[in-house]
Amino acid sequence: MAISSSIRAEIPSSQARSLEMRRWIGHANNVQRLEFNSSVADRMRELGWQVEKEVKLTGLLGRPLDRNYGDIDVLAWRPETGRVLLMECKDLQYNKTLGEVAEQLSDFRGEVAPDGKPDHLKRHLDRLDVLADCEDVISQKLKLLSPINLEGHLVFRNPVPMRFAWDRMAKRVRLSLFTELDLL
């Protein structure tokens, strides 16, 4: 099991024993991430949304920021409604053991870890905070009429345990499965 998980890059890079393995996991995860982002973007286009993938915040805002906030995996908008979806896409493995479920829950608490690094959800929430004060700039960049409604979304390919513990974050970020994108 450990060998097949390593080959599929389903283990955290922190558990890899060699630099080469950490690089392999990073590469494999990047390929998988880009493929899922493309799937989400394609589906949103099919559903009638205008879409951009891998959007840098500095490009969207047209100015430098105090630090690198990462990118928006999929930016989708509808000019007729002013809805702008800031989508973080995650193609996580389908977990079966309690340890795997606990690890995923830990990665999506919306907190800063003891090592000072934000978890996956916190990084997305930080992006949303930066963009919340920039609706006018985003509206101009996307050629939308104001006011617009910025919405944070997490999109997962498979059912994830976070879905069942989401009450405290539901007001800030909506969690959806890929198969539910037509409901947005």
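Side notes on the structure shown:
- Taking other Cβ atoms within 10 Å as a rough exposure proxy, W49, W77 sort from fewest to most as W49, W77.
- Estimated FRET transfer efficiency (E46, E80; beta-carbon r; R0 25 Å; 0.05): 0.90
- Of K90, K117, the sequence from fewest to most neighbouring Cβ atoms within 10 angstrom is K117, K90.
- Close amide H contacts of F156 (hydrogens built in the peptide plane, cut-off under 5 Å, sequence separation of 5 or more or a different chain): K90, S176, L177, F178.
- Phi-derived couplings, Karplus 6.51 cos²θ - 1.76 cosθ + 1.60 at θ = phi - 60°, listed residue by residue for region 62-67: x, 7, x, 10, 5, 7 Hz, with x used for Gly and Pro.
- Counted charge near L128, where neighbours are those whose Cβ lies closer than 14 Å (Asp, Glu -1; Lys, Arg +1): -2
Computed from the coordinates by the stated procedures, all read-outs in this text should not be read as laboratory data. What you see is a predicted model, and the numbers here were worked out from it, not measured in a lab. Here Cβ is always computed from backbone atoms with ideal geometry, including for glycine, and neighbour counts include all displayed protein chains.
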